[in-house]
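Only one structure is covered here, and it is reproduced in the block below.
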Amino acid sequence: MAICRRGDCLVLSGKGFGGFVVSRRGLAVPVTYLILFGSLLVLVSVAYGFAVARLRVEGAAFGVAVARRNMQALDDAVRLVAWNIGASRTVYMEDCGGIFQTEPNAGTLVLRLADGGGFSTLVFNGSVGRVLYALSALHESMEGTFVRGDGRALVGFGGSTQSQLFFARNGSVQQFVLRYRPAATVLASSIRDGKAYNIIRIYIISLNKTQPLTLGGGFNLKVSAAKVASTVHSFTFEGTVSLLALEAVYDGFEARVWLPIECTLEGAIVNVEVYICHVVFQVVSS
């Protein structure tokens, strides 16, 4: 038997082998294909993972954009009907992938009138409600970002908007919240019993008379001004007073606004008028 090497092949010649040819190249080609195929699978898997992640991010961003548009339209409707009893507007809330909720018992607001010294009295304490979207698909933190308004718990009437539209967090779920802070103004009208007569007016938009709602998908929401309620507190100051502070605490947000008070040598009378406009939401067919 003779064994001859010819290039890359071994030729085994003899009666016992029948002239078979064994190729080294024939073994190398399948192994190379397996390596290439495995590498291709890895690349495809990585590319697919990136594509899925990108789609999720883009989907979440699209959902946030839709939620923002919905809540801005809802805020516009609330401000349009507020203080006009019986007025209403219907807003279509497009599907944003989140869950819409009304929370009438949320949003505790406390208002006090003080002179910075020994005088301090409560003029309002209650919940004013809020609405929100729960955005579980949003992974990038936007907590503390305001779309409308800012973190102040109280503003001057006719100045900054009463709306607070912002992102918050409840555990692992981010929320897009809409609520309304009070606005205050002061008027000096006349002299009574030798004292300057001042009126402090506080305007509150309350959502706490609406029904609790939990909604997904798209729906029509009717926004109505149900009623306006008011309370009056009267205070008499015998001494000189030039400024009074209205202090607000609103779910952890705090603010203080100093209001100018007219005063005579006899003192001042200050009436605090609190006006509350109750806005309600109702799901309608169209």
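Bear in mind these aren't lab numbers, they're just calculated from the coordinates by the rules spelled out. Just so we're clear, the structure is a prediction, and the values are computed from it rather than from any experiment. Counting neighbours? That spans all protein chains shown, and the Cβs are built from the backbone with ideal geometry, glycine included.
If r is the Cβ-Cβ distance from Thr108 to Ser39 and R0 is 41 Å, what FRET efficiency results, to the nearest 0.05? Present the calculation step by step, with values, prior to reporting the outcome.
Details: r = 61 Å, r/R0 = 1.48.
It comes to 0.10.
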I need to check one value: relative contact order of the stretch 56-284, counting alpha carbon pairs closer than 8 Å and at least 6 residues apart, in percent. 26
Per Stokes-Einstein, at 25 °C and 0.890 mPa s, what whole-number D in µm² s⁻¹ belongs to the stretch 210-281, with the Kirkwood radius over Cα pairs as the hydrodynamic radius? 152
Quick one: if you stick a label point 7 Å off each Cα along the C-beta vector at Ser189 and Arg256, how many nm between them? 2.9
Just subtract the alpha-carbon distance of Ser286 and Glu140 from 0.36 nm times their residue separation and send over the number in nm, one decimal. 49.1 nm
Cα-based convex hull, the stretch 151-213, per residue volume (Å³, whole number): 127
What's the ranking of 154-160, 108-114, 189-195 by average number of surrounding C-beta atoms within 10 Å, highest first? 108-114, 154-160, 189-195
Projected onto their principal axes, the Cα atoms of the stretch 56-284 stretch, largest extent first, over whole-Å spans of 69, 36, 25
How far apart, in nm, are two points set 7 Å out from the Cα along the Cα-to-Cβ line at Lys209 and at His233? 2.2
Positive end of the charge dipole of the stretch 56-284 (Lys, Arg +1 and Asp, Glu -1 on Cβ, about the Cα centre): tell me which of Val228, Leu187, Val128 has its Cα farthest that way. Val228
Can you bin every Cα-Cα distance in the stretch 178-256 into 5 Å intervals starting at zero and give me the percent of pairs per bin, rounded to whole numbers? 3, 8, 17, 18, 14, 13, 10, 7, 5, 3, 2, 1, 0
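Determine, for Tyr250, Tyr197, the number of other Cβ atoms within 10 Å of each Cβ, and report the residues in order from fewest to most. Before the final figure, lay out the partial values.
On the way: Tyr250 22, Tyr197 17.
Exposure proxy ranking, most exposed first: Tyr197, Tyr250.
Using the Kirkwood radius built from alpha carbon pairs, what does the Stokes-Einstein equation give as D for the stretch 113-173 at 4 °C and 1.567 mPa s, in µm² per second?
Numbers: Rh = 14.7 Å.
Stokes-Einstein gives a translational diffusion coefficient of 88 µm²/s.
Indicate the gyration tensor shape class of the stretch 94-217 (rounded, prolate or oblate), computed on the Cα atoms with a ≥ b ≥ c the square roots of the eigenvalues: a/c under 1.5 is rounded; otherwise a/b larger than b/c is prolate and the rest oblate.
Numbers: a/c = 2.78, a/b = 2.53, b/c = 1.10.
Here the stretch 94-217 falls in the prolate category.
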